[in-house]
Structure formats: structure tokens, C-alpha cells
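The values are calculated or read from the model by the stated rules, or taken from the named source; none is laboratory data. These numbers were taken from a predicted model, which means no experiment stands behind them. Cβ placement follows ideal geometry from the backbone for every residue including glycine, while neighbour counts extend to all protein chains displayed.
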Amino acid sequence: MIDQLRSALSSTFGFAEFRPGQEIVCRHLLEGRSAAAVFATGGGKSLCYQLPALLLPGTTLVVSPLIALMKDQIDALKARGVAAARLDSTLTFEEYRSITQQIRRGELKLLYVAPERFSNERFRELLSCIDVSLFAVDEAHCISEWGHNFRPDYLKLARFARDAGAKTILALTATATPQVLDDMCRFFEIAPDCAVLTPFYRENLSLLSRTVTESQRDAALIELLRTRTLGPTIVYVTLQRTAEEVALRLTAAGFAAKPYHAGMENDVRAATQDWFMTADNPIVVATIAFGMGIDKSDIRYVYHYNVPKSLENYAQEIGRAGRDGQSSVCEMLYCQDDLNVLENFIFGDTPEAESVAGLVREVLTAGDEIAVTMAGLSSRHDIRPLVVRTLLTYLEMDGWLEELTPVYANYQFIPQLSSAEILGRFEGERRDFLRSVFAQSKKARTWFSIDLDETARMIGSDRARIVRALDWLAEQQMLELKPSGLTNRFRRVKQSSDLSEIEATLTRRMQHREERDLQRLGEVVALATADQCRASLLGAHFGEPLNEPCGHCSACARTDPVDDPLNQAASTERSSVNIDETIWREAAALRETERATLASPQRFAKFLCGISSPRLTRAKLSSHPLFGILEHVPFQQLLDRANTASVPTLEGPPV
């Protein structure tokens, strides 16, 4: 076995030796044992599934939330002669058709998909054609509620791996505390002795921080860039507009800088990424969307223009520096003014108790089976869509619901041949079946549309057979196919005569999530303002404190001394902010006018902080001049004042 591994390592990937941890993970998988790999960013996690994929029969299914990572890895694999592809929302119809044909013919060694792909009715049907030898889950920390980036879709992946008949599972991450690693192993049924961790600490990274005010920050960043030797640099920011603004300022100061964020067009982002890989001393000013999966080893500097929202985010982002082993600087410009924005993201995800109660009543009293859309639930109950998904996942985890396969309400198609030509290629019952399906379709200007449930009922057929038939016709280039109207379906597993306890449990759960996220932000503040070795404190967070101080972080080198008055101010609890009383009176008058929407103290505070919600958007208040007018004031301060302010009592329920 080891000879096969080393031969493939050399012949396909061009490496003479394994990096730490890689060989043992590969051996576990080839021996049929599921494994977990917790490697620092840049530690070579991807090889742990790419190499076994070449030696295992069938296909390795790689689940990753990062389209940029998928694209980069697939391009590199194809250049090495490895059959690899991805299914994601950026593919053209022709690309999708070609890949599904390769899947059905068993030609792919690696197939990359996002976690959300498993909610796709067509993909779930396609899974039955795949012989899955290895099910690899990247960013596997997302499965844990204790992790910094919990994603409900990840909780379903263990079940999907079993449904796909996967022989082994590999869970990978760069950031897992001991508690998160325990969750990863428990959910994916990985034996503790198959969890492989490599050392977290990298001595070539200098972890620096300096405390600045908002007015000082730009000058401080430009001065650092000018006084240090140039090199590839990432400047991380929180907001998309900040990425644009800072990139412009750096360009005006004479630096080669470009912005990067999720709000840009795909081709612009791709061009920026390509430029960063090849230009001399490039600077990218980016949100956290940048850097995932980018294989650039000589990044010399990572600056945090804004405070990161958790130590896990911080560790992942600084991990992109110095992968070549050369000295690199990671510096945080700690500014207390950032905390309001980061806290507002957290508060925006916490629904009101009445919203949680409304959602629970709808899904648990609508019958034994329900069909809903995430957008519909979000709008009706004023809860952000991802939070809706989280609440439904909690109801599943607690045994109240079971999710069925999501389905598309409608399929649209454009025939590439006449119906007579298509039907002429079939005989007997199959021709009659297709003729009946086509007869149920309705033509608009360009596209034909067909309601699958209604069609199945009218022709007395199984819905899945209609989906398979349309997919097959599309693969044979007889149709161009486009599904729409994704509907989520659930079965009620048990009933309760007292929904109030369920509602209260979910409300407490969401409040606990808010408290944990605020605590994570507090941990970043503590690190940035500590007078202890930063590298040791960060390592301790991940279960690996250093035996002795690193000697070159801000605390060890005393580059941001604790007796600095700015640093002292940063480490103390924030004081209340004076609120302009004229603005408050204007807002209070609007609250009375819009009392159906703003009577709730929580929603009124969100409005003043600039935190949008479905109900605020529907009432067109997200574009009101007062929206976000007090974003510089801590949310809790505004909530406390909103709770004490009087608002006329509503007559009847809010609309």
C-alpha cells in the first residue's frame, strides 16, 4: 500500500515526500477506515483525498462550500491528467450536461459539489448512478454548533454519505477546537484514533497588532505598506463597500491594489484572483470570500483592516501567509469602532420570540406532510433565510420533523428537436409516456413549462420517472432544461399538545447562539489587547498552548505596549454613546407612523443600527433615510432605550 501511495504521490503530484499527517490519513482511508484531518491552513489537506481517489475504485465525492477552491483544484487535477469535475450554479447548460454524462458513465475520479447540492432533486436522483468510494467533507467544522461557522446543511451530510453508499468518510478542517473535533468524529462516526492533527503553531508567522482609532487606520496601513519590503499582500475587511474604498485609497497612494468581494461579477472576481497569482507585489483588499483554496505560497503580509469576528476566522486568514516557510507578517489594526458592525451581524441573526413561535406553529400544525419555501417562511415570520433553515434543522434534531427530498415545482424546457422527431426515437409504452408528458406542458414565448406534480397526477405516473425522462432528454441534447420553484418538504414525526415549550426551547437556543457569537468576538478583542504571547494564546484556543513564548509577536516584542493609553481604552468595557436627541425624536415619530413594523423594540433597534430583516424590506424601510442612522451606537444601548420608550398600542396583530 505504501509503495502505491508513494508512487502516485511522485508520478501524479510531483512530490518526493508527504507533508506531516498526510500519509497516515491516506493509509486510514485505503484500509477502509473513515478519518478526520485537522491541518493548519496550507498544510496540504486536499492531497488527503486527491491521492486516495486515484487508488480507490469508483468516485470520490468532495463536498466544499467554496466554488473558488473547486475551480482551482479541478484545473490543477486536469493538468495532471486526473478526471475531475464540479457541479455548481456557475455551469452553463452544456457544461452541466457534459458532466452528468461523465458521471453516468463512471468516468470521474473526483466530483466536487457544495453542501446545498444535496437539496437538489435532480442531483439526488443522479447520486444513484455514482459508486462513491470516498465522501470527503471540507470545512467540516461547520457541522458543529460549537464551531464558528455552523451551517445546518452540514448536519445532513452524514446521512447523505450513508444514502450514497460511501465506503469511507474524510472530514477536513483547518480550525477545530477540541469540542468541535469531538462533534466531527461523532457525527461522521470516525474513531478517535483516526483523527489526525498536525501542529497548529507556525514559527515563521509574526502575529502583530496595534490599536488605532478610525481616523488613524488608513494612515497606519499606508505607513506599514511603505516601510516594509513589498510582497504579495491580503488586506481583510468586513464590508464589501470597505473593500472598494480601501482599494481606491491604496491605489491613490501608489500601490497596486484591487478589491475582492462576493458582490462583484464572477468574471471580475476571477480576473482579480488571476492577477493576484501572477502580478509583482499585488495587494488585494478583500472580505473573507478571498483566499479560500488559493494555492499561493509566497504571501508575505496579511493585514486585518477590520477586526475578525472570531479566532477561527483569524487563524484561517493568517494561515494564508508564508506557506513557503519564509517569514511573514500578520498584523491586526484593532479599532474599537469595528465592534458595532460585527455585533450587528450577530444580533441580526437572532429572531424574536414571536417569530420563532409563528414558524413552529405553521410547520407543526399544517398536517402530516408540508411543502414550504425558505423564502416564504422567511418573509412570513421575519427571520433571515439561513436562520429559518437552522430552526428547521433544530426541529429535525429534536425529532419533530423529518426532511423529505426537496422538489422543483416546475420544469421549463426548450425543445432542440420537434416533438415528432423526439417521439420518433421511441416505441410502444415509452413513446406513449413521453407524448403524455409533452401534452401537459404549456408554451410561453420561448420556454415550455410543466408542473410535475400535476402532470404525474394527470397521467398516472411516478414523478421521479418524469424527472429521469426529462434529464435523459436533456443529456441527449433533445431539450434544454431548467428547473424552478424549489420547494422543501417535511414529514411531521410526532405531535405535541403544548407547542409553547418547543417555541421556548428554540428561542433559548437562538439566544445561546447569539451569546456564543458575542463571546467569540470578545476572544478576538482579548487576543488583540493581551500582554501575553499572542501565538501561545491562539494555540491554547485550539488545544495547543506553546511551551514557551514565541518571542516575536506584539506582546513578546512589546510593539503595542499595554501602557499605551489607546490599548488600555480598548481593553475596557465600552461606554454608552451619546445619542443625538433630534435624530431620536425623528425616529420615534417614524416608529409611531410605522408601528405595524417598528413597534417591536428589537426590530426598531435593528432599524436604527442598519440591520435589515424581511419585514423591514417588505415595508420599504431598509431604504428609508433613517435606516442605519445610529449604526455607531451599540445595539444593546438602542434596544434598552427602545424598550423604555412608549409606543401606541396596536389594534389587532401586526401585518
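Summary of values
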{"read-out": "Among (1) assigned to a loop (DSSP other than H, G, I, E, B); (2) surrounded by 15 or more Cβ atoms within 10 Å (Cβ to Cβ); (3) at pLDDT 95 or above - the single one Gly254 does not satisfy", "value": "(2)"}
{"read-out": "Long-range neighbours under 6 Å by Cβ, at least six apart or interchain, first residue under 19 Å from Val341 (Cβ atoms) within the range 208-222, second small (Gly, Ala, Ser)", "value": "Ser209/Ala528; Ser209/Ser554; Thr211/Ala570; Val212/Ala220"}
{"read-out": "Residues satisfying the stated conditions in the range 594-629, i.e. basic (Lys, Arg) and closer than 24 Å to Asp337 by Cα", "value": "Arg603, Lys606"}
{"read-out": "Output for the range 29-45, where each listed residue is within 19 Å of Ala166 (Cβ to Cβ) and crowded, with 24+ Cβ neighbours inside 10 Å", "value": "Leu29, Ala35, Ala36, Ala37, Lys45"}
{"read-out": "Qualifying residues in the range 87-125 (those that are charged (D, E, K, R) and within 24 Å of Asn488 (Cα to Cα)) - the one modelled with the lowest pLDDT", "value": "Glu121"}
{"read-out": "Meets criteria (part of a helix (DSSP H, G or I) and within 18 Å of Gln495 (Cβ to Cβ)) for Arg380", "value": "no"}
{"read-out": "Residue within the range 106-118 that is farther than 30 Å from Leu481 by Cβ, aromatic (Phe, Trp, Tyr), in contact (Cβ under 8 Å) with a residue 12 or more places away in the chain and in the same structural domain as Ile67 (by TED's automatic domain parsing) present", "value": "no"}
{"read-out": "Single match in Arg445, Arg425 (criterion: assigned to a loop (DSSP other than H, G, I, E, B), surrounded by fewer than 17 Cβ atoms within 10 Å (Cβ to Cβ), at pLDDT below 90 and over 33 Å from the mean Cα position of the chain (by Cα))", "value": "Arg445"}
{"read-out": "Helices (runs of 4 or more DSSP H) fully within the range 589-634 counting 1 or more residues that are modelled with pLDDT under 95 and over 20 Å from Val388 (Cα atoms)", "value": "595-598, 601-609"}
{"read-out": "Criterion (farther than 30 Å from Gly539 by Cα, in contact with a strand residue (DSSP E or B) (Cβ under 9 Å, 6 or more places away or on another chain) and of a type in the set (Val, Ile, Thr)) met by exactly one of Ile24, Ile99, Ile2, Ile67", "value": "Ile99"}
{"read-out": "Matching residues, the range 404-433, being over 18 Å from Pro483 (Cα atoms), touching a helix residue (DSSP H, G or I) at 6+ places or on another chain (Cβ under 6 Å) and in contact (Cβ under 8 Å) with a residue 12 or more places away in the chain", "value": "Ser419, Leu423"}
{"read-out": "Selection within the range 90-118 - within 21 Å of Tyr408 (Cα to Cα) and among the hydroxyl-bearing types (Ser, Thr, Tyr)", "value": "Thr90, Thr92, Tyr96, Thr100"}
{"read-out": "Enumeration of residues in the range 134-171 that are surrounded by fewer than 22 Cβ atoms within 10 Å (Cβ to Cβ) and either not in a helix (DSSP H, G or I) or not assigned by TED's automatic domain parsing to the domain that holds Ile67 (or both)", "value": "Glu145, Trp146, Asn149, Phe150, Arg151, Lys156, Ala164, Gly165, Lys167"}
{"read-out": "Subset of the range 514-543 (residues that are in contact with a helix residue (DSSP H, G or I) (Cβ under 6 Å, 6 or more places away or on another chain), farther than 30 Å from Leu391 by Cβ and part of a helix (DSSP H, G or I))", "value": "Leu527, Arg534, Leu537"}
{"read-out": "Top-ranked residue in the range 323-337 [being buried (at least 23 other Cβ atoms within 10 Å of the Cβ) and aliphatic (A, V, I, L, M); ranked as farthest from Pro232 (Cα to Cα)]", "value": "Leu333"}
{"read-out": "In the range 364-401, the residues that are closer than 16 Å to Thr505 by Cβ, of a type in the set (Val, Ile, Thr) and surrounded by fewer than 21 Cβ atoms within 10 Å (Cβ to Cβ)", "value": "Thr393"}
{"read-out": "Number of the condition not met by Val329 [criteria: (1) hydrophobic (A, V, I, L, M, F, W, C); (2) assigned to a loop (DSSP other than H, G, I, E, B); (3) in contact with a Phe, Trp or Tyr (Cβ under 9 Å, 6 or more places away or on another chain)]", "value": "(2)"}
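Residue-wise test of (1) of a type in the set (A, V, I, L, M); (2) exposed (fewer than 14 other Cβ atoms within 10 Å of the Cβ); (3) at pLDDT 95 or above; (4) not in a loop (DSSP other than H, G, I, E, B).
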{"residue": "Arg489", "(1), (2), (3), (4)": "no, no, no, yes"}
{"residue": "His512", "(1), (2), (3), (4)": "no, yes, no, yes"}
{"residue": "Pro545", "(1), (2), (3), (4)": "no, no, no, no"}
{"residue": "Asp563", "(1), (2), (3), (4)": "no, yes, no, no"}
